[in-house]
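The block underneath contains the structure these notes are about, expressed in structure tokens.
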Amino acid sequence: DPIVSGRIEIWGIYLGLPQVVASAGCLLAFGFLYYFVNRTETGIALQATAQDREAAGLMGIQTDRMFALGWGIGAACVGVAGALISSYYMVFPDVGIIFALLAYVTVAMGGFGSLIGALIAGIAIGLIEAAGAILVSPAFKYGIIFLCYLVVVL
């Protein structure tokens, strides 16, 4: 039995409770990440290392630790995302491939290094995916997203 199940109605639209909980968890995790990266000394050191490793090292920042921390934060984000989505999406060994591609498209469309841009692009991609599944066909929903990505990049 799932921990969270059922649905809720908002303005005549029915939303699955697992998706609502996952969305809230995602926004909460984003808030923590945004605060950490922009408001803590370690987060600012992480940004400095990402922008210019040599200059950050000259300022006394241990750049190797910052790179390890960056990888750790990335892995933690993937773990949180997996835990949130597993309540309503089938989990199997190849499930991560499409999500990795969508994550790349999200970051590229939002701007590399921009947390707010990634959030906005993620919401836009979700809306495009849902609209594509309704208006065209569920079989082509990812193709529509990748087509939008090509339009933005080119």
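For Asp52, Asp94, which order do you get if you count the other beta carbons within 10 Å of each Cβ and list the fewest first?
Asp94, Asp52
For the chain, what size does the Cα cloud have along each of its three principal axes, sorted from largest down, in whole Å?
Extents along the principal axes: 56, 41, 34 Å.
By counting other Cβ atoms within 10 Å of each Cβ, how are Leu102, Leu58 ranked from fewest to most?
Ascending Cβ contact count within 10 Å gives the list Leu58, Leu102.
Could you list Trp11, Trp71 so that the one with the fewest beta carbons within 10 Å of its beta carbon is first and the one with the most is last?
By the 10 Å Cβ count, ascending, the order reads Trp11, Trp71.
Before rounding to the nearest 500, sum -39500 (n - 2.57) across all DSSP H runs of length at least 4 in the chain and divide by the residue total; then give [θ] at 222 nm in deg cm²/dmol. Walk me through the numbers on the way to the answer.
Details: 7 runs with 112 residues, N = 154.
Only helices count here, giving -24000 deg cm²/dmol.
Report the gain in length on full extension from Ile97 to Leu115: 0.36 nm times residue separation, minus Cα-Cα distance, nm rounded to one decimal.
Fully extending the segment from Ile97 to Leu115 adds 4.3 nm.
Computed from the coordinates by the stated procedures, all read-outs in this text should not be read as laboratory data. Predicted, not measured: the structure shown is a model, and the values here were computed from it. Neighbour counts are summed over all protein chains in view; Cβ atoms, including those assigned to glycine, are modelled from backbone coordinates with ideal geometry.
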